[in-house]
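The structure under discussion appears below in the form of structure tokens.
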Amino acid sequence: MVAIQVPKVLPIKEVISMRPQDRENYVEKIILNILEMNPRGVTVSEIVRKTLFYRDTVAKHLERLAATREAYSVMRGNVTVYYRNGQVVHATDVKDSTSPDRTYTFYKLENEDGKFIYVQEKELDEFRSVKVKGGIMIDARYALQFIKELQSFLLGVKRDE
Amino acid sequence: MSSPIRLIVDERQRDRYARIARIQLSDKTITTPHFFTLTKKHNEFQSTVELITESNAPHIQGCVVRLFDARKMIGTRLTNLTQSRMDVLGRYVEESFRTFLKKAVLVIDPATEYLFYEADLSSWNEDKTLPKPISDYAKKCLAKKEQFRKSAMPSEYPKWKEAYHTQFWNALSRDAPLRNRMIGEVFDLGLTYRSSILLPPVPVIRSEKLMEIAIQINDVGQAISAGRGAEYANYFILQQGILDNEELRDRLVRYLSNTPARIVALKFKYLNLTDAGKVTHLSSYEEFLQQLSFLKEATKGKVFVALENGYQVFPFAAVAFDIVSTSMTGYDGDSAYGHGEYGSWFDPELMVHVPFEDLGKICRNNHNRLPCGHSMCQSIDIATIDADSWNTYRRKHYVLTMNDYMMMIQKAIRDRKIELAREKLINSDISRLKRLIPRV
């Protein structure tokens, strides 16, 4: 088994001593770095072994990253392997005119499963830091069809109003 | 994808040890070398706002505010931004401040060296939002000072203070939850006041132990800065003379070479290399600047910031630093020096401050005008100007002169004649600083 690459991680005593929000941000950043450093994928156990973070913490962050589409998971037998979600080929920001703190970023991504359009929802928190709130990934081949479906859905909603 | 790119460094041109770089910090872009104005008083901050919003000076688009000054200088104005009052001319109140926030790179400096230096100790007590360990420390020092004064032993206070200061940082170093909470709170305050760079609260380095603590805080600070909306900087506050310790200097350079932080901020407390003598001192800085310039050449993506530079601004900007800073008056010290009714004027040629009393003679030889090319300076009549207007004017003149210096260095790099920076120093009243700029 090949050992995974990890960035320099603070001693666990220091991590535990951080404020909860600071700790969450730090752990997430380290996990994202690990995903970036290991394009062949990582499992929860591998990260736990190398970082000494709690298993539940690592699993929770990986699930969140997968939910916001920053990472994706593949089942290999009874093991879930996590990957960083693709290489960004193109990106554009769209400001939400109803809420100045919200932005949608459109990415064109490429990963081993193909090309995707990734729409990420970002929001500024109280300290004006950008946080990812959610995301959706659409196969690039299906993207235009998806827009058509969305448009007809919106027209239907408008008619009902 | 989740963390937006907050820092892009693009080295445009280089002439030996000097460089021009385009630095993008979040949504603001500056070109180096660049001067950031340290503002310590409300009127200085207002002058900086005016300079950044009204003048077209491209190399003075940054401002440094100390953490304990931030609430009164910035906090109240940020609150005003939420209102929609208009002034008599029909402009929104704080319109210039809004423009300033869009244009300027703001840096909130934790300025924790003032836990050691007496000058602003009481300022830590004025703002209730400051981290508790810091305000408790200041409270205790002030109470003890009063106690020593009443017991007719005021000379004992400095000894007690020195010991207590070391003890304070030692305790913080051991108490991880308290330390980490304090670092997080300092970052939160910085972001509240719209800082573009996050500086951790570190002790002023006076010994190897304090250096160790500063390194520890820098490491933890980097981790705590994760997920925040500003770029983290390694930060070291150096007491005058500490770089004479070769071992400590090498340790600092080694740390800076290996740190993943992309911004390095160094503050040189009360540094004045223009004084005669101090040969070893000057040599130490000469060597240190060269070590930094090698490091900067090897790691082009890093940004080096020097805070509180005093007269060293010019050579530091030419050799090792992308961003230099000093206070508006040109004096980083906390004494009343230069703060008389009519403060001193910074002579762009001599590169030193000239007392107001001496200006009469200088102006007489220059058709009663100040020997300066700024349009603002051309309209000054020193015979009739009142003290307040004079002091506001001379501070702005100082910052505009810094803009001229930065442009001068930039042009020298473009023309591949950085040795002209050395020439400039040779022809000034601070010519001994020429040693800081290598000959080749």
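Miscellaneous remarks
- The numbered conditions (1) among the acidic types (Asp, Glu); (2) in contact (Cβ under 8 Å) with a residue 60 or more places away in the chain; (3) within 13 Å of another protein chain (Cβ to nearest Cβ) are all true for residue B:286 except (3).
- Answer from B:141, B:63 - the residue that is within 28 Å of residue B:270 (Cβ to Cβ), buried (at least 19 other Cβ atoms within 10 Å of the Cβ) and more than 24 Å from the chain's Cα centre (by Cα): B:141
- Condition check for residue A:77: of a type outside the set (Val, Ile, Thr) and free of Cβ contacts under 8 Å to residues at least 24 places away in the same chain: yes
- Subset of segment B:400-440 that is among the β-branched types (Val, Ile, Thr) and either in a loop (DSSP other than H, G, I, E, B) or free of Cβ contacts under 8 Å to residues at least 60 places away in the same chain (or both) - its residue that is farthest from residue B:371 (Cα to Cα): B:440
- Count - residues of segment A:68-91 that are modelled with pLDDT of 80 or more and either in a strand (DSSP E or B) or of a type in the set (Gly, Ala, Ser) (or both): 13
- Pick from segment B:68-111, criterion of a type in the set (Asp, Glu) and at pLDDT 90 or above, ranking: nearest to residue B:48 (Cα to Cα): B:69
- Yes/no for residue B:142 being within 14 Å of another protein chain (Cβ to nearest Cβ) and assigned to a helix (DSSP H, G or I): no
- Any hit, segment A:41-49, residues being within 14 Å of another protein chain (Cβ to nearest Cβ) and either in contact with a helix residue (DSSP H, G or I) (Cβ under 9 Å, 6 or more places away or on another chain) or at pLDDT below 95 (or both): no
Residue-wise test of (1) within 14 Å of chain A (Cβ to nearest Cβ); (2) of a type in the set (D, E, K, R); (3) at positive phi.
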site	(1), (2), (3)
B:8	no, no, no
B:18	no, no, no
B:22	no, yes, no
B:28	yes, yes, no
B:41	no, yes, no
B:59	no, no, no
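- Note on segment A:97-145: among residues that are within 26 Å of residue A:21 (Cα to Cα) and assigned to a loop (DSSP other than H, G, I, E, B), the one that is farthest from the other protein chains (Cβ to nearest Cβ) is A:99.
- Single residue of B:198, B:271, B:178, B:210 found to be farther than 19 Å from residue B:295 by Cβ, surrounded by 20 or more Cβ atoms within 10 Å (Cβ to Cβ) and within 12 Å of another protein chain (Cβ to nearest Cβ): B:198
- Taking residues in segment B:339-362 that are touching a residue at least 40 places away in the same chain (Cβ under 8 Å), and partners anywhere that are aromatic (Phe, Trp, Tyr) and not in a strand (DSSP E or B), the pairs with Cβ atoms closer than 6 Å and at least 6 places apart or on different chains are B:342/B:356; B:342/B:390; B:346/B:398.
- Of everything listed in (1) more than 10 Å from every other protein chain (Cβ to nearest Cβ); (2) in contact with a Lys or Arg (Cβ under 8 Å, 6 or more places away or on another chain); (3) under 27 Å from residue B:216 (Cα atoms), the single unmet condition for residue A:28 is (1).
- Candidate set from segment B:226-258 (those that are touching a helix residue (DSSP H, G or I) at 6+ places or on another chain (Cβ under 7 Å) and under 18 Å from residue B:323 (Cβ atoms)); member that is farthest from the other protein chains (Cβ to nearest Cβ): B:237
- Candidates B:224, B:215 - the one that is among the aliphatic types (A, V, I, L, M), more than 23 Å from the chain's Cα centre (by Cα) and within 30 Å of residue A:29 (Cα to Cα): B:224
- Looking across B:193, B:157, one residue alone is within 14 Å of chain A (Cβ to nearest Cβ), out of contact with any Pro (no Cβ under 7 Å at 6 or more places or on another chain) and of a type in the set (Ser, Thr, Tyr). It is B:193.
- Condition met for residue A:147 (over 20 Å from residue A:36 (Cβ atoms), at pLDDT 90 or above, β-branched (Val, Ile, Thr) and out of contact with any Leu (no Cβ under 9 Å at 6 or more places or on another chain)): yes
- Some residue of segment A:53-61 being exposed (fewer than 15 other Cβ atoms within 10 Å of the Cβ), more than 14 Å from every other protein chain (Cβ to nearest Cβ) and in a loop (DSSP other than H, G, I, E, B): yes
- The set of residues in segment B:118-139 being part of a helix (DSSP H, G or I) and touching a helix residue (DSSP H, G or I) at 6+ places or on another chain (Cβ under 9 Å) consists of B:121, B:122, B:123, B:124, B:125, B:132, B:133, B:134, B:135, B:137, B:138, B:139.
- Count of segment B:1-60 residues, restricted to those that are among the aliphatic types (A, V, I, L, M) and modelled with pLDDT under 90, is 2.
- Of all residues making up segment B:145-163, the number that are part of a helix (DSSP H, G or I), loosely packed, with under 15 Cβ neighbours inside 10 Å and in contact with a Phe, Trp or Tyr (Cβ under 9 Å, 6 or more places away or on another chain): 4
- Among all positions in segment B:229-248, there is no residue which is in contact with a Leu (Cβ under 9 Å, 6 or more places away or on another chain), surrounded by fewer than 18 Cβ atoms within 10 Å (Cβ to Cβ) and under 30 Å from residue B:26 (Cα atoms).
The values are calculated or read from the model by the stated rules, or taken from the named source; none is laboratory data. Keep in mind that what you see is a predicted model, and the values were worked out from it rather than measured. Backbone-built Cβ (ideal geometry, glycine too); neighbour counts: all protein chains shown.
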